[in-house]
Each structure stands twice: as structure tokens, then as C-alpha cells.
Amino acid sequence: MMLTKATADTTGAGWDTTAGRAQRLYRTSELGTSGTINKIGFRLDTAAASDYTDFKVVIEQVDITVLGGTFSGNLTGAAQTVYSGALSIPATAKDGDWIEIPLTSPIAYDSTKNLLVEYSSAGGTVSNILRWNSDAALYANRGLFHATSNIVDAGTLSSGIPDLVLYYTK
């Protein structure tokens, strides 16, 4: 089964050639029912073949409704690294394709909690832009990013979240 978060489609930030880190907050009303998440996906807005080194995805179920200005401050202690390794965007990828990331550590999702998704990378060979939801009122302070480091704790708050798909089993 699959849960999808996709409303207004606009171009946004993505994965770059330099190191970077981002947190995105998805609310329960956007996600659906409980289940074990075993794969996630992000939708590409502009696709280009690339290899990202040290790509990492951390997921935590949280009660917060907006993000603060530090990565560590948004995590409450139950964060789980669900993917760590290389991530490749194939040469056959097209604009609008979903890039699926199989989780090495599936996570049991409780539909009463918001989902904080953090992704970071040491950089890639080419930049890829993700499809984005950027309604400033709806997504205010639901994004945090650092565009040049995957280890710095302070970031810049943003009003937007990328399209996300969760593959899960009940």
C-alpha cells in the first residue's frame, strides 16, 4: 500500500553537488493510516543521472507541528536511521519520476504522530531538483535545511515540503 503527499506541484530545492542536510515535517492529516513503512520515495522535478555519497535518511514520529532552527532540537530522541549508503539516480530517470529508497530499517508508523523526515548527503555528481509543495501559509516552518554541510546543526527554516510517498504494509 502507499500513502502519498502531493498537492500543488512546483519546483523546489533538491539534492545537490555539495554536501547538504534537510528536515521536512509531514502532518498526520497528510499521511493516512498506520503501518510499517518499508520504502519512501521523492518525486523528481528535473531529473539527471547522479550518484550521491553518504546519503542518509532519518525518520522520527513527533508531536511538533513546526520545526525550530536546529536539526538536533527538532528530534526528540526516538529518531531512527532508516537508510545509509549511496543513492543513484539512473540515466533513465525522467522529470516527474519517483526515486524510491528502500529502507534498511523499516519503521512502524503511528498515524497519531507527525512524521519528521531528515535526509543528508556528502554531495552528488549532478544536482536533482525535487517536486515541491510551497504554499507559505500551509507549510510555514515545515522545512529546515543547510545547503553546504551535512553535519552542521543550525539551519535555515523554509515554508515548503517535497512530494513524498510512503510504501507500507499493515
Open item on the list: Above 27 Å lies some portion of the pair distances; for the chain, what is it as a whole percent of all C-alpha pairs?
Closed with: 16
Open item on the list: So, for region 8-142, what is the accessible surface per residue at a probe of 1.4 Å, expressed in square angstrom?
Closed with: 41
TODO: Rounded to whole Hz and in sequence order, give me ³J(HN,Hα) for region 129-134 from the Karplus expression 6.51 cos²θ - 1.76 cosθ + 1.60, θ = phi - 60°, writing x for Gly and Pro.
DONE: 9, 8, 6, 10, 10, 10
Open item on the list: I'd like the Karplus ³J(HN,Hα) series for region 81-88: coefficients 6.51, -1.76, 1.60, θ = phi - 60°, whole numbers in Hz, and an x wherever there's a Gly or Pro.
Closed with: 6, 9, 7, 8, x, 7, 10, 10
TODO: At a Cα cut-off below 18 Å, give the aspartates and glutamates reachable from Lys113, other chains included and same-chain residues fewer than 8 away excluded.
DONE: Glu30, Glu60, Asp63
Open item on the list: Could you tell me the relative contact order of the chain? Use alpha-carbon pairs under 8 Å, at least six residues apart, and round to a whole percent.
Closed with: 44
Open item on the list: Which order do the peptides 21-32, 76-87, 128-139 come out in when sorted by mean C-beta neighbours inside 10 angstrom, highest first?
Closed with: 21-32, 128-139, 76-87
- [ ] If a/c stays under 1.5 just call it rounded; otherwise compare a/b with b/c (prolate if a/b is bigger, oblate if not). Do that for region 96-148, with a ≥ b ≥ c from the square roots of the Cα gyration tensor eigenvalues.
- [x] oblate
- [ ] Considering Cα pairs under 8 angstrom that are at least six residues apart, work out the relative contact order of region 16-81 and quote it in whole percent.
- [x] 34
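The values are calculated or read from the model by the stated rules, or taken from the named source; none is laboratory data. Predicted, not measured: the structure shown is a model, and the values here were computed from it. Glycine gets a Cβ as well: all are built from the backbone with ideal geometry, and neighbour counts include every protein chain shown. Note: areas computed on protein heavy atoms with side chains; ligands, DNA, RNA excluded. Shrake-Rupley method; radii C 1.70, N 1.55, O 1.52, S 1.80 Å.
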